[in-house]
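Accompanying notes for the structure given below.
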Amino acid sequence: QVRLVETGGGLVQAGGSLRLACAASGSIFSTDRMGWYRQAPGKQRELVAFITSGGRTNYADSVKGRFTISRDNAKNTVYLQMNSLKPEDTAVYYCNLFRLYSDYWGQGTQVTVSS
């Protein structure tokens, strides 16, 4: 089993920064792909960014240049540094761990950006 716990959400003004962290525990493999998704009220959950075990990253167009995903394999932790936040970034952010035939989610952390 895998458990994912997100921290770091909160309320911030537009233009500000937040750093999310997701600590994974349980049967974690260094080959797991980890990522962040978000879901705003009334909208579908969408990919924000992911990072592979080899460090390859992928970002949604809406966050490119503003968000940075990173991981610390020794700590089984993935981070999302969010800069230049906009009100449209307001959402519940979910951590995701993906491997072949399995998909795990955290409970989510609220990020609210005020204008």
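The values are calculated or read from the model by the stated rules, or taken from the named source; none is laboratory data. Treat the numbers as computed from the prediction; the structure is a model and nothing was measured. Neighbour counts run over all protein chains shown; Cβ positions are idealised from the backbone, glycine included. Side chains are part of the model used for accessible areas, which takes the heavy atoms of the whole protein and leaves out ligands, DNA and RNA. Shrake-Rupley method; radii C 1.70, N 1.55, O 1.52, S 1.80 Å.
Does ARG38 fit the bill of being of a type outside the set (Val, Ile, Thr), buried (at least 19 other Cβ atoms within 10 Å of the Cβ) and within 13 Å of the chain's Cα centre (by Cα)?
Here the answer is yes, as ARG38 does meet what is asked.
Within region 16-25, does at least one residue satisfy the condition of being modelled with pLDDT under 95 and assigned to a loop (DSSP other than H, G, I, E, B)?
Within region 16-25, none of the residues are modelled with pLDDT under 95 and assigned to a loop (DSSP other than H, G, I, E, B).
Within the set of pairs 6+ apart or on separate chains, which have a first residue in region 103-115 that is free of Cβ contacts under 8 Å to residues at least 12 places away in the same chain, a second that is part of a strand (DSSP E or B), and C-beta atoms under 8 Å apart?
ASP103/ASN96; ASP103/LEU97
Looking at this structure, is TYR79 surrounded by 17 or more Cβ atoms within 10 Å (Cβ to Cβ), touching a residue at least 60 places away in the same chain (Cβ under 8 Å) and more than 17 Å from GLU46 (Cβ to Cβ)?
So TYR79 fits the description; yes.
Which numbered condition in (1) at pLDDT below 95; (2) under 18 Å from GLN39 (Cβ atoms) is the only one that SER102 fails?
Of (1) at pLDDT below 95; (2) under 18 Å from GLN39 (Cβ atoms), only one is false for SER102: (2).
Can you confirm whether region 52-62 contains a residue that is open to solvent by less than 50 Å² (accessible area, probe 1.4 Å), within 11 Å of the chain's Cα centre (by Cα) and in contact (Cβ under 8 Å) with a residue 12 or more places away in the chain?
No, every residue in region 52-62 fails to be open to solvent by less than 50 Å² (accessible area, probe 1.4 Å), within 11 Å of the chain's Cα centre (by Cα) and in contact (Cβ under 8 Å) with a residue 12 or more places away in the chain.
Quick test for you: out of GLY26, GLY16, pick the one residue that is loosely packed, with under 14 Cβ neighbours inside 10 Å and of a type outside the set (A, V, I, L, M, F, W, C).
Values: GLY16 fails: loosely packed, with under 14 Cβ neighbours inside 10 Å.
Among GLY26, GLY16, only GLY26 is loosely packed, with under 14 Cβ neighbours inside 10 Å and of a type outside the set (A, V, I, L, M, F, W, C).
Out of THR90, THR31, THR68, I need the residue that is of a type in the set (Val, Ile, Thr) and at pLDDT below 95. Which one?
The match here is THR31.
Considering only region 1-15, state which residues are in a strand (DSSP E or B) and of a type outside the set (Ser, Thr, Tyr).
VAL2, ARG3, LEU4, VAL5, GLU6, GLY10, LEU11, VAL12, GLN13
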